[in-house]
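First the structure, in the form of structure tokens, and then the observations on it.
The values are calculated or read from the model by the stated rules, or taken from the named source; none is laboratory data. Nothing here was measured: the structure is a model prediction, and the numbers come from that model. Neighbour counts run over all protein chains shown; Cβ positions are idealised from the backbone, glycine included. Accessible surface areas use protein heavy atoms only, side chains included; no ligands, DNA or RNA. Shrake-Rupley method; radii C 1.70, N 1.55, O 1.52, S 1.80 Å.
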Amino acid sequence: MSYIEIGKAILNKVDIDRKLAKFFYSAGIPFTAIENPYWLDFIQTILPAYNSPNCRNLANNLLDAEYQVERQNLDKVLNNASNITLVSDDWSNIRRESVLNFILCLPKPIFYNAKYTGSESHTAEYIYNEFKSIIEDIGPSKFAGVERSMNQAKQIVNFFHTHHQAESILLNQLNTITLVQPVETQWGTCLDSIQSIRRCKLGLQMSVVQSEVSSKMTHDLKEQILGDLLWANLEALDYFLTPFVKLIRLFESDTPLLSYIYEEWRQIWESINAQVLDLNFKMKVHRLIDNRFEFAFHPAMAIANLLDPNFYGKSLGPTDFETIIIPYIEKVYTFEEAAHIYGVMQKYIAKTDEFSGALLWASIEYSSPITAAKRNWSNFGFIHSKLRTCLNNNRVKKLVAIYQNLRIHKEVKEDNWFEEDEV
């Protein structure tokens, strides 16, 4: 291990190299910049005893070492995490190669991995197997799930979908419908499957006692359908999952959402509160809802709820106007503008004046977990640009992991290489 002596200070060259490399990786600077003669002149001027690493060092051993440190830091974060959300998206890079990314929302989005899939089709089964592998590596207990009851539901659906005679007997029963097959990559369909099974309860119980069905069905599955426990569990799951699926589908729709977010979050909180659940579990779910809302919240949501004639602020708390809306107006606008807007809002709330055109609110993008996966591609595009087409895929993956996660740790803002007066 080499050291550099500056006056009375003795510096560790390995530590300097690592910090210099981290700067290059976190800013997305091409490796070749480290051999720029003006950069070398600058280093020799401020630190004559220091020999800057070359391009090969930066692209190989220093990158590998920093990537290992980043993975170790990620492991520490995951050890303390619970209720992780795993999301993924696909993309084609500058060489038209297909890539899948995998992002963990804790709720802050952390880059976990990327896979260059080559000619492999991104089918639901393929993506499911990739998700399953990651979940098993991290630990299934870290991800929220209702696996046992869902497995029972899948067994019922799969049996009737693969036994056409049994399915025909079921559909001939009164008030039955085709059972819905859950899609692994769209967990909202799990609720559709549960609801289809519940709707066919009587038809299923009448079907499984017929010899044509009973002879082909396992004894355990038949007992589950004829018993009470399965139906009690499915009813509880239906009741529990419905408000969450409703919220997800609303956020995935084309409906303007900003004014609805406050109301929907309040309703989902009240829905959980009304359910008969273990107190500790209920408190844990409430904390998760509150944490997610706090992570996603922006004052514009409160303002939109207030200004939407459908709500008139009815979803807001009693002090939200004074503690959220007014401070935000004072922060964004000048004193004169804020005073004018405050006056207009008071007239709007009191319904004593028409809605003023002076109230123009900036739209705020609502971030869902899948947005984190899509935004990750901008990091891929920044790292693997037209100027760096020769980067190999493994090196790109390491650079993106370090670039994205380091910037989250330090809360680095987006790069802006020009001051306003330079544009």
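Which residues, counting only those in segment 199-222, are open to solvent by 90 Å² or more (accessible area, probe 1.4 Å), over 16 Å from SER168 (Cα atoms) and of a type in the set (D, E, K, R)? Passing the criteria: ARG199, ASP220.
Here is the figure for segment 52-92: residues that are touching a residue at least 12 places away in the same chain (Cβ under 8 Å), surrounded by fewer than 16 Cβ atoms within 10 Å (Cβ to Cβ) and over 30 Å from the mean Cα position of the chain (by Cα) total 3.
Applying the criterion of being part of a helix (DSSP H, G or I) and of a type in the set (Ser, Thr, Tyr) to the residues of segment 164-200, the residue that is nearest to PHE102 (Cα to Cα) is THR189. Scanning segment 151-198 for residues that are without any contact (Cβ under 8 Å) to a residue 60 or more places away in the chain, under 21 Å from THR123 (Cβ atoms) and open to solvent by less than 70 Å² (accessible area, probe 1.4 Å) yields a count of 11. Could you tell me whether ARG266 is open to solvent by 20 Å² or more (accessible area, probe 1.4 Å), among the charged types (D, E, K, R) and touching a Gly at 6+ places or on another chain (Cβ under 8 Å)? No: the conditions fail for ARG266.
Residue under question is PHE281, and the condition is that it be loosely packed, with under 13 Cβ neighbours inside 10 Å and in contact (Cβ under 8 Å) with a residue 12 or more places away in the chain; does it hold? Spelling it out, it is not the case that PHE281 is loosely packed, with under 13 Cβ neighbours inside 10 Å and in contact (Cβ under 8 Å) with a residue 12 or more places away in the chain. Of everything in segment 360-393 that is part of a loop (DSSP other than H, G, I, E, B) and modelled with pLDDT of 65 or more, the residue that is farthest from ALA296 (Cα to Cα) is CYS390. Within segment 120-144, the only residue that satisfies the criterion of being in contact (Cβ under 8 Å) with a residue 60 or more places away in the chain and aromatic (Phe, Trp, Tyr) is PHE143.
Where helices (runs of 4 or more DSSP H) fall wholly inside segment 223-326, the ranges with 3 or more residues that are among the polar types (S, T, N, Q) are 261-274.
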